[in-house]
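Just below is one structure, and these are the notes that go with it.
The values are calculated or read from the model by the stated rules, or taken from the named source; none is laboratory data. Computed from a prediction, not measured in an experiment: that's the story for all the values here. Neighbour counts are summed over all protein chains in view; Cβ atoms, including those assigned to glycine, are modelled from backbone coordinates with ideal geometry.
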Amino acid sequence: MLNMQDLVGTLMHGVLTGSSPGRIEHALSGRGLSRPGGVFEQVLGSATSSTGTGTGGLLSGLSALASALVGGGRSATKEALGGGAMALLGSLALEALRGLRYPSTDDGSAPMPADLPLGLRPPANMGEESELESKARVILQAMINAAKADGQIDAAEQQRILSKLEEADAAPTVQEFARAEMGRPLDLKALLREVPNPQMAAEVYAASLLAIEVDTPAERNYLHQLAQGLGLDEGAVQRLHLTLGVI
């Protein structure tokens, strides 16, 4: 059964917008996170030079991104969707923020954080497992909120999304969560209250960017308001758009 993390991966797999797989592929390419000196190279080096606790989480996430989110895998990679999605969002956030934290260095020499965020490493205990699942819940709210940016999700679209979740073997409680979120009015203020730090702010924005086409004034205005509410620097926003190939 899919949990909240897996549901993030399922929605990113082209359920909310057909453009998300192409954006993910762009992010994984040499034009994005895989470029020399990029986040994947630096995070992997950081993980392998430490105790190793980060390596398994990152490698499993990279595998999931390649096989499930881009390759179109279904049942064989279903359990990897969540890990791949959270690893992608964590990597995108690091890419967006690290140049702002160390403006006097280029990307390749900007140091990585001492502790990788959850999603790029496995939870160390029950508390971290709960924290990661809570983060996934907020990410889900962000994606569904973004999908409402140019109007409510109508009944036919809700049913299409729920059918996809049922096909993916989402637990009934997860399906009900998605149904309830889709039925609520867009509430940006409530979402912003759930975001505690810059790392998660960048993840929320990236997830929102993967949930919509960004081809209407309403969607562009929503993203502008979201970035402002999250306190994201214009440079971080530009990096997220560039890495995902969204003009």
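Does A168 satisfy the condition of being surrounded by 21 or more Cβ atoms within 10 Å (Cβ to Cβ) and within 18 Å of the chain's Cα centre (by Cα)?
no
Only one residue in G18, G37, G30 is touching a Ser or Thr at 6+ places or on another chain (Cβ under 9 Å), in a loop (DSSP other than H, G, I, E, B), modelled with pLDDT under 90 and exposed (fewer than 14 other Cβ atoms within 10 Å of the Cβ), so which one is that? Walk me through how you get there before you give the answer.
On the way: G18 fails: touching a Ser or Thr at 6+ places or on another chain (Cβ under 9 Å); G30 fails: touching a Ser or Thr at 6+ places or on another chain (Cβ under 9 Å).
Going through G18, G37, G30 in turn, just one is touching a Ser or Thr at 6+ places or on another chain (Cβ under 9 Å), in a loop (DSSP other than H, G, I, E, B), modelled with pLDDT under 90 and exposed (fewer than 14 other Cβ atoms within 10 Å of the Cβ): G37.
Any idea which of (1) polar (S, T, N, Q); (2) exposed (fewer than 14 other Cβ atoms within 10 Å of the Cβ); (3) under 18 Å from the mean Cα position of the chain (by Cα) is the one N145 doesn't satisfy?
Result: N145 fails condition (2) only.
I need the helices (runs of 4 or more DSSP H) fully contained in the stretch 121-223, keeping only those with at least 1 residues that are hydroxyl-bearing (S, T, Y). If you could, list the steps in order and put the result at the bottom.
Details: elements: 126-147, 155-167, 172-183, 188-192, 198-209.
The helices (runs of 4 or more DSSP H) meeting that bar are 126-147, 155-167, 172-183, 198-209.
Does any residue of the stretch 192-202 turn out to be modelled with pLDDT of 90 or more, within 18 Å of M86 (Cβ to Cβ), among the acidic types (D, E) and surrounded by 15 or more Cβ atoms within 10 Å (Cβ to Cβ)?
To start, the set of residues in the stretch 192-202 that are modelled with pLDDT of 90 or more comprises 192-202.
Next, from what is left, pick out any that are within 18 Å of M86 (Cβ to Cβ): 194-202.
Right, trim to among the acidic types (D, E) and you get 194.
Now restrict to residues that are surrounded by 15 or more Cβ atoms within 10 Å (Cβ to Cβ): 194.
Yes, the stretch 192-202 contains at least one residue that is modelled with pLDDT of 90 or more, within 18 Å of M86 (Cβ to Cβ), among the acidic types (D, E) and surrounded by 15 or more Cβ atoms within 10 Å (Cβ to Cβ).
Test Q152 against the criterion of being farther than 12 Å from M86 by Cα, polar (S, T, N, Q), modelled with pLDDT of 90 or more and surrounded by fewer than 19 Cβ atoms within 10 Å (Cβ to Cβ), and give yes or no.
Numbers: farther than 12 Å from M86 by Cα: yes; polar (S, T, N, Q): yes; modelled with pLDDT of 90 or more: no; surrounded by fewer than 19 Cβ atoms within 10 Å (Cβ to Cβ): yes.
When the stated conditions are applied, Q152 does not pass them.
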